[in-house]
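Notes for the one structure printed next.
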Amino acid sequence: MSELALAFCTGNQGKFATAGEHLAPWGIEIEQVPLELDEIQTTSVEEIARHKAHQAFARLHRPLFVEDSGFYIEEFGGWPGPMVKHALEALGPAGLTHLADRTEKRTARFASAAVYVDADGQQHVFADDMRAPGTIAAVPLRGTGQRAWSDLWSVFIPQGADTTLSALPSEEQDRIFAQWRRTSVVAAMGAWLASHLDPHRVKV
């Protein structure tokens, strides 16, 4: 067990694996702790992550973090934003691409927030809503690699690419994910943890 270890409250195995990759440079080991948490209705992923973190700490009473993200279609005023999971459940990836047919530019972007809660219940927020935008594909395209788990990645075309994130060749995927790994909110949290805290304060 690493000296740095904390609970990541998520039921999403793909998100858990990605977080582990993003925290690896600092030797931070995480444990997946699935919890059913209420999600407030707001367009702010930071507010949602804060609310979930507060609930999670009230139940676990240990250092933990949560991460939330949203998918914002510019010409729909940012919809679905943090409600993207519900939109995908209702419409599916194909429904999302059909909706984008109603836009002129099909522009969309991601925004994310991670909230770390220390042993005293104090929250520390790491947010990013400046990630480079991309576009929504005409039809979903899902690859077969290990990073093809997200429905959103089957409809999102990164800036400068000619197909969806899921369907890109593995070399191009590696380049994009390496950049994301350096700049994600979880990576920012890892750098902060490694430089600001006594490792024993976040040990499980």
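The values are calculated or read from the model by the stated rules, or taken from the named source; none is laboratory data. Keep in mind that this is a model prediction, so the values were computed, not measured. Every residue, glycine among them, receives a Cβ derived from its backbone with ideal geometry; neighbour counts consider all protein chains shown. Heavy atoms of the whole protein, side chains included, go into the accessibility calculation; ligands, DNA and RNA do not. Shrake-Rupley method; radii C 1.70, N 1.55, O 1.52, S 1.80 Å.
Quick rundown of the values:
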| quantity | calculated |
| --- | --- |
| Matching residues, the stretch 78-89, being out of contact with any Gly (no Cβ under 7 Å at 6 or more places or on another chain) and open to solvent by less than 80 Å² (accessible area, probe 1.4 Å) | Gly78, Pro80, Met83, Ala87, Leu88 |
| Residues being over 30 Å from Pro133 (Cβ atoms) and either modelled with pLDDT under 95 or surrounded by fewer than 20 Cβ atoms within 10 Å (Cβ to Cβ) (or both) - total across the stretch 39-62 | 7 |
| Residues being within 15 Å of Ala191 (Cα to Cα) and open to solvent by less than 80 Å² (accessible area, probe 1.4 Å) - total across the stretch 16-38 | 10 |
| Odd one out for Phe126, checked against (1) at pLDDT below 95; (2) within 30 Å of Glu31 (Cα to Cα) | (1) |
| Residues satisfying the stated conditions in the stretch 90-127, i.e. in a strand (DSSP E or B), open to solvent by less than 30 Å² (accessible area, probe 1.4 Å), of a type outside the set (A, V, I, L, M, F, W, C) and touching a Pro at 6+ places or on another chain (Cβ under 9 Å) | Tyr116 |
